[in-house]
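Novice: Here's a structure for you.
Nothing in this text is a laboratory measurement; each read-out follows from the coordinates by a stated rule. Here the structure is a predicted model, which means the values were calculated and not measured. Cβ atoms come from the backbone with ideal geometry, glycine included; neighbour counts cover every protein chain shown.
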Amino acid sequence: MEFPVRSLQNVSYHPDKGFFEIKGRTKERTLTVTTVKTFAQTLRMMALSKELVETDDIATKREAYYVSKNWEEARFTEQPESDTVIEDVEALFRVNREQLGFVPEEKGGDVAGRLVVIDRDGETGEELKIDCTRFGSGAYSIPISVEHLRFETKAKFVLVIETAGMFQRLVKHNYWKRANCILVSMGGVPTRACRRFIRRLADAKKLPVYVFVDGDPYGISNIYRTLKVGSGNTAHLNEFFCVPQARFLGITPQDIVDYQLPTHPLKEVDVKRAKDALKNDPFVLHHKPWQRALKQMIKMGVRAEQQALAKHGLNYVMEEYLPRKLMRTEHFLP
């Protein structure tokens, strides 16, 4: 079996395409004495997928791991091992894992604001219109599969937020009404469903997407970059799970200076992540504004969370920071 190598060293970035595109390096999995277990696990996982597809059923990645406990010598010891094999099978067939019957455990993200999601009843096929302004203090949860969804909206933009806490603040005070927007909570690194939902919504309604994350190398290199252009690990599917129209609203290193934000020292892992991005990340290597921003952050030696804006008042983020930034969207980092 021949699989594409899934890493940043095997992707290229072209702004006109807008995502990390996998290059030609592949790896082989052959049947030998030393690889017999992995080879057998791969075949068993492919057989499980075939069963799921034929019976129109699904299995979470956790369930797939436990199913393997019946595979005798081919069983997995830890779930990361089975997750990797699922991703290998996915890459081998060039389809996403949901099409193979495997679904994630984690939530897809939350949505509030000026958006009507058109779904369908799973039993009757009846059309269901879900008004995301009608969830009170709660929010609409993005489902595992979003390909069938359609949208109605008159919002001006989509505001994608890293933390659930900041999302809750904006929802509680109906910020979406004031700004005429759609709020999406990623809750950390966005799931595939969350990325695909934002991409389909932005494409269908031609909406700009602004991303509001912590001002640290993790927020920039992992969360924002993964949302915008994808990752090395999912290079075979980035075309469908990225949001090329996304722009970085904040928090930037310059915001830390301009808004005199409280900070924390960069940890060793933060500095390493930033330096790795400057050296190896095709997205950062292409965009000089990102190179300058990361170098500025390393030089400052500090990071700042979204919540640091509360120094100026709990609602400063809605009353000053976001309105001021949204007046100059052309200055957002790419």
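Novice: Evaluate the relative contact order of the chain (contact order divided by residue number), counting alpha-carbon pairs under 8 angstrom at least 6 apart; express in whole percent.
Specialist: Contact order relative to length: 17 percent.
Novice: Treating the angle as unsigned and between 0 and 90°, give the value, to the nearest 10°, between the Cα long axis of helix 288-300 and the longest Cα principal axis of the chain.
Specialist: 80 degrees
Novice: For region 71-119, what is the Kirkwood estimate of the hydrodynamic radius, computed as the reciprocal of the mean inverse distance between distinct Cα atoms, to one decimal in Å? Please list the in-between numbers first.
Specialist: On the way: mean 1/r = 0.0730 Å⁻¹.
Computed over region 71-119, the radius equals 13.7 Å.
Novice: Take the Cα pairs of region 6-58, get the Kirkwood Rh, then feed it into Stokes-Einstein at 10 °C and 1.306 mPa s and tell me D in µm²/s.
Specialist: For these conditions, the coefficient is 112 µm²/s.
Novice: Hey, if you drop one equal point scatterer on each alpha-carbon of region 111-245 and run the Debye formula without solvent, what base-10 log of I(q)/I(0) do you get at q = 0.13 Å⁻¹?
Specialist: -0.53
Novice: Could you tell me what % of all Cα pairs in region 243-303 have separations over 16 Å?
Specialist: 48 percent
Novice: Can I ask one more? Between K295 and N180, what FRET efficiency follows from the Cβ-Cβ distance if R0 is 45 Å, with the result rounded to 0.05?
Specialist: Efficiency at R0 = 45 Å is approximately 0.80.
Novice: Continuing with this model, one more query. I need the peptides 70-81, 211-222, 44-55, 118-129 ranked by packing, meaning the mean over residues of other C-beta atoms within 10 angstrom, with the highest value on top.
Specialist: Answer by packing, highest mean first, reads 211-222, 44-55, 70-81, 118-129.
Novice: When the convex hull of the Cα atoms of region 71-152 is projected onto a plane and the area is averaged over all directions, what value comes out in nm²?
Specialist: So the Cα hull casts an average projection of 8.1 nm².
Novice: Pairs of Cα atoms under 8 Å, at least six residues apart: use those to get the relative contact order of region 21-106, whole percent.
Specialist: Value for region 21-106: 35 percent.
Novice: Using the C-alpha gyration tensor of the chain, what are the square roots of 5 times its eigenvalues, in whole angstrom, with the largest one first?
Specialist: Details: eigenvalues 255, 139, 58 Å².
Here the semi-axes work out to 36, 26, 17 Å.
Novice: Hey, another quick one. Of all alpha-carbon pairs in region 135-179, indicate the percentage at a distance above 17 angstrom.
Specialist: Taking all Cα-Cα pairs of region 135-179, the fraction more than 17 Å apart is 44 percent.
Novice: Please state, as a whole number in µm²/s, the translational diffusion coefficient that the Stokes-Einstein equation yields for region 1-151 at 4 °C and 1.567 mPa s, with Rh defined as the Kirkwood radius across alpha carbon pairs.
Specialist: The Stokes-Einstein estimate is 71 µm²/s.
Novice: Can I get the semi-axes of region 170-267's equivalent ellipsoid? Compute them from the C-alpha gyration tensor as square roots of 5 times the eigenvalues, in angstrom, largest first.
Specialist: After scaling each eigenvalue by five and taking roots: 23, 20, 11 Å.
Novice: Quick one: work out the % antiparallel among DSSP beta bridges in the chain, nearest 5.
Specialist: Working: 25 of 40 bridges.
Of those bridges, close to 60 percent are antiparallel.
Novice: Which value in deg cm²/dmol, rounded to the nearest 500, describes the helix-derived mean residue ellipticity at 222 nm for the chain, given -39,500 (n - 2.57) per DSSP H run of n ≥ 4 and division by the residue count?
Specialist: About -10000 deg cm²/dmol.
Novice: Largest first and in whole Å, what are the equivalent-ellipsoid semi-axes of region 186-230 based on the Cα gyration tensor, each being the root of 5 times an eigenvalue?
Specialist: Working from the Cα gyration tensor, I get semi-axes of 19, 11, 8 Å.
Novice: Straight-line reach from K27: which aspartates and glutamates have a Cα under 12 Å away, not including same-chain ones fewer than 8 places off?
Specialist: E2, D88
Novice: Here's something else I'd like to know. For the chain, find the longest principal axis of its Cα atoms and tell me its angle to the long axis of helix 36-54, 0 to 90°, nearest 10.
Specialist: 80 degrees
Novice: Working from Cα positions, state the angle (0 to 90°, nearest 10) between the long axis of helix 79-93 and the longest principal axis of the chain.
Specialist: 80 degrees
Novice: Please check: in the Gaussian network model of the chain (C-alpha springs, under 10 Å), which one of R192, R178, R273 has the largest mean-square fluctuation.
Specialist: Among R192, R178, R273, the largest mean-square fluctuation in the Gaussian network model of the chain belongs to R178.
Novice: So, one more: Over all directions, the average projected area of the alpha-carbon convex hull for region 217-275 comes to how many nm²? Could the numbers behind the result be given before it?
Specialist: Working: hull surface 19.4 nm².
Computed as one quarter of the Cα hull surface, the answer is 4.9 nm².
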